[in-house]
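Visitor: Structure provided below as structure tokens; questions to follow.
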Amino acid sequence: MSHRMALETRALTRSFRPRRSPERTALDGIDLALPTGGIHGLLGPNGAGKTTLCRIVSTVLLPSSGTALVLGRDVVDQAQQVRRSLAVVFGGERGLYTRISARDNLLFWGAMVGLGRRASALRADAALEAVGLADRARDRVEAFSRGMQQRLRLARGLIGDAEVLLLDEPTVGMDPVSAHGFRDLVRQLRDEGRTVLLTTHDMAEAQAVCDTLTFLDHGRIIAAGTPRSITEAVRTVRVTVADAAPEHRPLLQARGFETRDDGTATRSAVRGEVADHVRALTDAGMVQVSVVAPTVEDAYLSLIGERRTGP
Ligand SMILES: Nc1ncnc2c1ncn2[C@@H]1O[C@H](COP(=O)(O)OP(=O)(O)OP(=O)(O)O)[C@@H](O)[C@H]1O
Ligand SMILES: [Mg+2]
């Protein structure tokens, strides 16, 4: 059965009441509609509710109220079908058998998700190839580095041929080259028609791979859109100068630039003021003046930062 929405939530709420502590609302009325065949980023500070949302979607945690549908199926009433359509990779989780080889872990997992021996072996080898671990397939997992273990977890997620991948901080602990390879793999999975829900604190990663972004804070959605629409909504851009001579300093400082001894200067400016700054600097003889569009990190800082630095 095909469905247009990979994940839909309506007024999804989850509270916790730890012993001898007041009740805490981890998710507070989340409405999401994430289409199939995209990479959807979930961003927000520690404690925002991202993992809680992933746990509800993966059916290991019940909502307090509201609904969540994966490919049109309810995570509570149709939990078993939902589980079959999902692969979950939580960063930093254990979940691997360290005394046996990488390949044996995958064969075991293949059996767990109901594959026969032949199919398990084929899928295990394909998954090991996909995550770049084919040459270490027979090594015991205890000899793997953290990033290699993380890649093996992703391979495990690929065994069952899931339509929806839930990745909660999957590149934590990976070196830059591995993380880069991992992103290529995620894009490839999307291009095969799968849907990826990706939680990350790495803003460059979010910008590089996500088709949509949802920002969470204190259990609520505070912004959502494409990386482009989110960054275009940032009101400020950065103006930088690379060839500021000592005699330019007074002008730069009067215009609110931070100047450095290496001849660079920078300030953030609201979009409407940029042309005036650029004209003034170039009129004064500076040539290497550039305007840098906001990044997802800038958007994050302005969205979350504004909420943190209130009166
Ligand atoms: N089992 C639990 N018992 C009590 N409180 C919990 C439990 N799980 C989560 N919480 C609380 O719910 C809130 C959201 O936590 P969650 O783990 O979803 O955040 P997160 O966005 O994943 O953060 P991080 O970026 O640090 O991973 C936090 O205030 C957390 O303390
Ligand atoms: Mg988390």
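No lab work stands behind these numbers, since they all come straight from the coordinates. Note that this is a predicted model, so its numbers are computed, not measured. Counting neighbours? That spans all protein chains shown, and the Cβs are built from the backbone with ideal geometry, glycine included.
Visitor: Expected output is a single nm value to one decimal: the length gained when fully extending between D31 and D74, i.e. 0.36 nm times separation in residues minus the C-alpha distance. What is it?
Guide: Values: separation 43, 0.36 × 43 = 15.48 nm, distance 1.45 nm.
Between D31 and D74, full extension yields 14.0 nm more.
Visitor: Now, a different point. Relative to the present Cα-Cα distance, how much length would full extension add between V172 and I100 at 0.36 nm per residue of separation?
Guide: Working: separation 72, 0.36 × 72 = 25.92 nm, distance 2.33 nm.
Net length gain for the segment: 23.6 nm.
Visitor: Using modelled backbone amide H atoms (1.01 Å from N, in-plane), which distant-in-sequence or interchain residues come within less than 5 Å of Q288's amide H?
Guide: HN-HN under 5 Å from Q288: A242, D243.
Visitor: Explain nothing, just compute: Karplus ³J(HN,Hα) = 6.51 cos²θ - 1.76 cosθ + 1.60, θ = phi - 60°, for every residue of region 9-20 in order, whole Hz, x for Gly and Pro.
Guide: Taking θ as phi minus 60°, the curve returns 10, 10, 6, 6, 9, 9, 10, 10, 10, x, 4, 6 Hz for region 9-20.
Visitor: Pop a pseudo-label 7 angstrom from the Cα along the beta-carbon direction at both D283 and R308 and give the gap in nm to one decimal.
Guide: Taking the two extended label points, one gets 3.9 nm.
Visitor: Return the loop-located trypsin sites (Lys or Arg not before Pro) in region 180-285 (DSSP other than H, G, I, E, B) with at most 12 other Cβ atoms within 10 Å of their own Cβ; answer none if there are none.
Guide: Numbers: sites: R183, R187, R190, R194, R220, R228, R235, R238, R255, R260, R267, R271, R279; in loops: R194, R235, R255, R260.
Listed in order of number, the matching sites are R235, R260.
Visitor: Percent relative contact order of region 44-131, based on C-alpha pairs within less than 8 angstrom and at least six residues apart?
Guide: Values: 52 pairs, mean separation 13.5, N = 88.
Once normalised by length, the contact order is 15 percent.
Visitor: Go through region 1-47 and name the trypsin sites (Lys or Arg not before Pro) that are in a DSSP coil and have 14 or fewer other Cβ atoms within 10 Å of their Cβ. Please report the intermediate quantities before stating the final value.
Guide: Values: sites: R4, R10, R14, R19, R20, R24; in loops: R4, R19, R20.
Those that pass, being in a loop and sparsely packed, are R4, R19, R20.
Visitor: Want the number for E192 to E258: 0.36 nm per residue separation, take away the alpha-carbon distance, what's left? Walk me through the intermediate numbers first.
Guide: Working: separation 66, 0.36 × 66 = 23.76 nm, distance 4.72 nm.
Roughly 19.0 nm would be gained on extension.
Visitor: Please report the relative contact order for region 154-261, taking Cα pairs under 8 Å with a sequence separation of at least 6, and give it as a percent rounded to a whole number.
Guide: On the way: 74 pairs, mean separation 19.3, N = 108.
The normalised contact order for region 154-261 reaches 18 percent.
Visitor: Scan around V88 for amide H atoms under 5 Å from its own, H built in the peptide plane at 1.01 Å from N, and keep only partners 5 or more places away or cross-chain.
Guide: For V88, whose amide H was placed from the backbone, the distant partners under 5 Å are L166.
Visitor: If amide hydrogens are placed 1.01 Å from N in the peptide plane, which non-local residues have theirs closer than 5 Å to the one on G29?
Guide: Under 5 Å from the amide H of G29 lie the amide H atoms of L12, T13, R14, each far enough along the sequence or on another chain.
Visitor: While we're here: In which sequence would R118, R136, R146 go, from the one with the fewest C-beta neighbours within 10 Å to the one with the most?
Guide: Working: R118 9, R136 18, R146 13.
Final ranking by Cβ density, sparse to dense: R118, R146, R136.
Visitor: Excluding V113 itself, calculate the net charge of residues whose Cβ lies under 10 Å from the Cβ of V113, where each Lys or Arg counts +1 and each Asp or Glu counts -1. Please report the intermediate quantities before stating the final value.
Guide: Working: positive: R83, R84, R123, R156; negative: D161.
Counting the neighbours of V113, the net charge comes to +3.
Visitor: What does the charge count around D74 come to, taking other residues whose C-beta lies under 15 Å from its C-beta (Lys +1, Arg +1, Asp -1, Glu -1)? Write out the running numbers ahead of the final one.
Guide: Working: positive: R10, R73, R83, R84; negative: E8, D77.
So the surrounding residues net to +2.
Visitor: Tally Lys and Arg at +1 and Asp and Glu at -1 over the other residues with C-beta under 14 Å from the C-beta of P246: what net charge comes out?
Guide: Working: positive: R249, R260; negative: D243, E247, D261, D262.
Once positives and negatives cancel, what remains is -2.
Visitor: So which residue, out of S58, S229, S85, gets the largest mean-square fluctuation from a GNM of the chain using Cα contacts under 10 Å as springs?
Guide: Of the options given, S229 has the highest mean-square fluctuation.
Visitor: If I take every Cα pair under 8 Å that is 6 or more residues apart in the chain, average their sequence separation and divide by the length, what percent do I get for the relative contact order?
Guide: Details: 580 pairs, mean separation 60.0, N = 311.
This gives 19 percent for the chain.
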